[in-house]
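Student: One structure, as structure tokens, below. Some questions next.
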Amino acid sequence: FLSIMLIFTLALSLQEYAVISYSFQESIERERSDGISQFRLLRYALQSSMVRRKQSEELGFDTVQSVGEEISALVPDDCAMELYCDMGGEYYLLYNSEDKKTEERLKNYETGIVYTSIDQENNQYYMKVEGTVTQTGYQLALIMKKNITDVFQSKHELEQTSRILYL
């Protein structure tokens, strides 16, 4: 009886673990997909704004910076945006929707590829979506950070509830 009870208990705990892991992975994938969609929206808005500005004025460094400020209105509340300009192989910060300085080294981006990663800063988790934008002679790097701490908190709460129910 005890050995069957032990096997049954272990099977249930493995099932709980599998369900929580699957749910967490699905949530992360959904956030990743949403982040890429929002990134693409920002990229297209940036490109169209640069084309529009190019038609009416000379497109200089300051103009591209103001375009970055313009499209930051499209950034959702739980997201942040950074815009960098490639000046001779080195990226310089044009715009940052957060008021903090970043000392971030940027990747060597491949054109057309959107990169995603999850970073942790001060007990907060962020889905970072980044890639390049090439328009009107400028090579720009666009980075969007989306706060996904609630996904990790939800997983933690599910694990705690699962442990309590297991006991």
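The values are calculated or read from the model by the stated rules, or taken from the named source; none is laboratory data. If you're wondering where the values come from, they're calculated on a predicted model, not measured in any experiment. With ideal geometry, Cβ positions are generated from the backbone for all residues, glycine too; neighbour counts draw on all protein chains shown. For accessibility, only protein heavy atoms count, side chains too; no ligands or nucleic acids. Shrake-Rupley method; radii C 1.70, N 1.55, O 1.52, S 1.80 Å.
Student: Go ahead and run the numbers for FRET between Y17 and N123, Cβ-Cβ distance against an R0 of 25 Å, rounding to 0.05.
Tutor: 0.55
Student: How high is the FRET efficiency from S37 to E98, r the C-beta distance, R0 25 Å, rounded to 0.05?
Tutor: Working from the Cβ atoms, E equals 0.75.
Student: Take the alpha carbon atoms of region 142-167, find their center, do the same for region 29-72, and report the distance between the two centers in whole angstrom.
Tutor: Going from one Cα centre to the other spans 32 Å.
Student: Roughly what angle does helix 2-56 make with the longest principal axis of the chain, taking Cα atoms, 0 to 90 degrees, to the nearest 10?
Tutor: Taking Cα atoms only, the helix is inclined about 10 degrees.
Student: Let me ask something additional. Angle, helix 61-71 long axis vs. longest principal axis of the chain, Cα atoms, 0 to 90°, nearest 10?
Tutor: Once rounded, the angle reads 40 degrees.
Student: Rank these residues by their accessible area, most exposed first, probe 1.4 Å: F8, F61, F24.
Tutor: So, going from the largest accessible area down, we get F8, F61, F24.
Student: Of the heavy-atom accessible surface of the chain (probe 1.4 angstrom), what whole percent is carbon and sulfur?
Tutor: Whole-percent figure for carbon plus sulfur exposure: 52.
Student: To continue, here is another question. Would you mind finding the longest exposed-site-free stretch of the chain, with exposed trypsin sites (Lys or Arg not before Pro) meaning DSSP loop and at most 16 other Cβ atoms within 10 Å?
Tutor: The segment 1-99 is the longest one with no such site.
Student: May I ask for the longest run of the chain untouched by GluC sites (Glu not before Pro) that are loop-located per DSSP and have at most 16 neighbouring C-beta atoms (other than their own) within 10 Å?
Tutor: 111-167
Student: Estimate the FRET efficiency between S154 and Q55 by the formula 1/(1 + (r/R0)^6), using the beta-carbon distance for r and 45 Å for R0, to the nearest 0.05.
Tutor: Step by step, r from the Cβ atoms, then E = 0.45.
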